[in-house]
Amino acid sequence: MTEEKAPGFLRRIFSSKVLPSWTILIFDIFIVAASVLVGYLIRTDFKFVMEQKGMMWASVGVITVFDIIFFRVFRTYSNVLRLSSFIDLMNIFAAQSLSLICVLVLNVAVQYAFGVQIVPVSVLVISYMVCFVLMVTMRLFIKSLYDELNHSRSEKVPVFVYGTRNGGAALAKSLPLNADNNFILRGFISDDSAMAGKVLLGVNVYRNDADIVTPLREKHIRAVIVIPGKMDELHSSGLADILLQENIRLYLARNISDNPGESEFSGELKAIDIEDLLMRDPIEIDMESIRTQLEGKRVLITGAAGSIGSEIMRQVASFNPYQLILVDQAETPLHDIRLELENNWRNIDAPTIVADISSEMRMDRIFSEYRPEYVFHAAAYKHVPMMEDNVSESVQNNILGTKVLADLSVKYGVSKFVMISTDKAVNPSNIMGCSKRICEIYVQSLARKIAAEGGRTQFITTRFGNVLGSNGSVIPLFRKQIAAGGPVTVTHPDIIRYFMTIPEACRLVLEAGSMGRGGEIYIFDMGQPVKIVDLARKMISLSGRTGVKIEFTGLRHGEKLYEELLATSENTIATDHQKIMIAKVREYDFNEVSKRIEALIKASYDFDEMKTVGLMKDIVPEFKSLNSRFSKLDK
């Protein structure tokens, strides 16, 4: 019965995350006592020991007391035994050495006073050496026993750690602490050629180059853990592509620093997402200039519950505005924004208003009541296939809504009106893109008119491509399809798109808004375009799933193989910000544009799609429908 229970007891003790400190202290006390007895046996014979039991137990008591004191000082029993390092061994050495010195001093004092020794010096020295060896051996034994018991519970996942500096070493040493990951360290990957071929924590360090595939396969690596400081190199060096091609999972270590002296690791790991791999260098913006314009101001944001509008809200909130007026038609997402505000920005006055931006009476009441000084216009219908099938709604929401907001901004003396546009407005091939181009034309022509009349409202347009993870975008769609086991649907094997992160795009919107003087259309450096089929393949690899297929469904109505940020007839003017440029576009007369747009809006209420699209093409001659029933209208 006892033999059956003992392994279970040991398993409960040694398979826990950390062996209790009191358990280690008891082991150490037992070792100290045993070492003194061994010292007596080696120095004398057994008969002498039996005759001098009083002296022997006095020696055990004195040495044990001093050892416990210095074990406490150096916390030798508080460390995690299976992660014992050279520093831990040095602490044991220091604790026992100081204990030895104290006992020797006490010995001299007692001998001087009473003419006797508490502990024979020879016994003291022998027990000191034996105790050190036994304490080190005990720790190695527990480490081996822990590894054996835990290995038998489940299969370990062999991993490499990317990064060899302090952060990487701390991460590797802490892996056994996290019972959830079940990882076993098999090596390091380093960008430093001087580290290649070295041994760190008992495993090899491999150079980050094309030859890394060989050790990955030889060691049967199934995961790589990346320290935060290596995320840029992971992408730029091509290592991410190599790892994904080998079907290796990628994890990011959180709450860890690669700086000396800051190498603690919490054990928290995050599976690396496609957004992490598409991240670029952080965008620097003029925080003080933006703060000067927004601090203490009344700021209205339309589309405030959407991906862009809500992030603009978060960033504007950090500049301590006097009031945030948040407008959206979507009740439930706007309610979520209200809850977020209550949790994070309780001190900011932020009314959340359910309203249709195309309702002039409703929006006039909002402007009259709140008197916004700064407007960020992010509300729009944005899905290309949806707008191809709902032309009138595209005109009424995107174009009429923008016109209402722009006119009211002039009426109520708004200082700046910043409109969010899209790369699909350049040489548009679909209804959505053309509607946004017409919005640009109206806002820009109105800006010229107001400037000529000495008005105060400045109109600024910002134009950029797709944002990662926005509502209804391709990445959330792919993620759902992968979770369902596939297939992942891609419209065309050659289709490419530009991507930015939502915070990145919104920072540039704020920067462009602060630098604009009226009438500019700002375009952003979107970096390199991404092939959508490659994006799908990477997301499948990152998911760890196998057998998920990709299906090509064909281009949708109005969809291009690639989006342009500038039409061929446009050029750009550089700004002080290297990622922001001004597009030089055709200028329109406001009075003429206004009449045409009024006619377009009126036609949209007849719900005659062909007539409505024909008027859109008259306003934007470069609008050429692709893969669409409206192609017959192209001249």
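The values are calculated or read from the model by the stated rules, or taken from the named source; none is laboratory data. Source: prediction; values computed, not measured. All Cβ positions, even for glycine, are placed from backbone atoms using ideal geometry, and neighbour counts span all protein chains on display.
For the stretch 541-558, does any single residue satisfy the condition of being more than 30 Å from the chain's Cα centre (by Cα), crowded, with 19+ Cβ neighbours inside 10 Å and assigned by TED's automatic domain parsing to the domain that holds residue 294? The answer is no; no qualifying residue exists. Scanning for something touching a residue at least 12 places away in the same chain (Cβ under 8 Å), in the same structural domain as residue 433 (by TED's automatic domain parsing) and part of a helix (DSSP H, G or I), does the stretch 371-382 turn up at least one residue? Taking every residue of the stretch 371-382 in turn, none turns out to be touching a residue at least 12 places away in the same chain (Cβ under 8 Å), in the same structural domain as residue 433 (by TED's automatic domain parsing) and part of a helix (DSSP H, G or I).
Assess whether residue 229 counts as being small (Gly, Ala, Ser), under 30 Å from residue 319 (Cα atoms) and modelled with pLDDT of 85 or more. In short, no. Apart from one condition, residue 511 fits all of (1) surrounded by fewer than 20 Cβ atoms within 10 Å (Cβ to Cβ); (2) under 30 Å from residue 291 (Cβ atoms); the exception is (1). For the stretch 496-507, residues that are surrounded by 22 or more Cβ atoms within 10 Å (Cβ to Cβ) and hydrophobic (A, V, I, L, M, F, W, C) total 4. Yes or no: residue 249 at pLDDT 85 or above, closer than 14 Å to residue 277 by Cα and surrounded by fewer than 21 Cβ atoms within 10 Å (Cβ to Cβ)? Yes; evaluated as a whole, the condition is true for this residue.
Each row is one residue, and each column tells you yes or no for (1) of a type outside the set (Gly, Ala, Ser); (2) buried (at least 24 other Cβ atoms within 10 Å of the Cβ).
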{"residue": "404", "(1), (2)": "yes, no"}
{"residue": "409", "(1), (2)": "no, yes"}
{"residue": "424", "(1), (2)": "yes, yes"}
{"residue": "427", "(1), (2)": "yes, no"}
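Being among the aliphatic types (A, V, I, L, M), assigned by TED's automatic domain parsing to the domain that holds residue 317 and assigned to a loop (DSSP other than H, G, I, E, B): is that true of residue 406 here?
No: the conditions fail for residue 406.
For (1) modelled with pLDDT under 85; (2) of a type in the set (D, E, K, R); (3) more than 18 Å from residue 461 (Cα to Cα), each residue gets a yes or a no:
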site: 517; (1), (2), (3): no, yes, no
site: 524; (1), (2), (3): yes, no, no
site: 537; (1), (2), (3): no, yes, yes
site: 540; (1), (2), (3): no, no, yes
site: 573; (1), (2), (3): yes, no, no
site: 587; (1), (2), (3): no, yes, no
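Restricted to the stretch 258-317, and to residues there that are among the aliphatic types (A, V, I, L, M) and part of a strand (DSSP E or B), the residue that is modelled with the lowest pLDDT is 269. In the stretch 549-635, counting only strands (runs of 3 or more DSSP E) that sit wholly within it, the ones holding 1 or more residues that are in contact with a Ser or Thr (Cβ under 8 Å, 6 or more places away or on another chain) and in contact (Cβ under 8 Å) with a residue 40 or more places away in the chain span 550-552, 580-584. Screening the stretch 105-135 for residues that are crowded, with 16+ Cβ neighbours inside 10 Å and among the aliphatic types (A, V, I, L, M) and picking the one that is modelled with the lowest pLDDT gives 118. Run residue 586 past the list (1) surrounded by fewer than 20 Cβ atoms within 10 Å (Cβ to Cβ); (2) in contact with a helix residue (DSSP H, G or I) (Cβ under 9 Å, 6 or more places away or on another chain); (3) under 24 Å from residue 235 (Cα atoms) and report the number of the one that doesn't hold. All conditions are met except number (3).
Of all residues in the stretch 357-384, how many are over 23 Å from residue 460 (Cβ atoms) and over 34 Å from the mean Cα position of the chain (by Cα)?
6
Identify the single condition in (1) hydroxyl-bearing (Ser, Thr, Tyr); (2) in contact with a helix residue (DSSP H, G or I) (Cβ under 8 Å, 6 or more places away or on another chain); (3) surrounded by fewer than 17 Cβ atoms within 10 Å (Cβ to Cβ) that residue 358 does not satisfy, given that it satisfies every other one. Residue 358 satisfies all of (1) hydroxyl-bearing (Ser, Thr, Tyr); (2) in contact with a helix residue (DSSP H, G or I) (Cβ under 8 Å, 6 or more places away or on another chain); (3) surrounded by fewer than 17 Cβ atoms within 10 Å (Cβ to Cβ) except (3). Within the stretch 102-110, the presence of at least one residue that is without any contact (Cβ under 8 Å) to a residue 40 or more places away in the chain and touching a Phe, Trp or Tyr at 6+ places or on another chain (Cβ under 9 Å) is confirmed. The residues of the stretch 349-384 that are touching a strand residue (DSSP E or B) at 6+ places or on another chain (Cβ under 7 Å) and more than 22 Å from residue 307 (Cβ to Cβ), listed by number, are 349, 366, 370, 371, 373.
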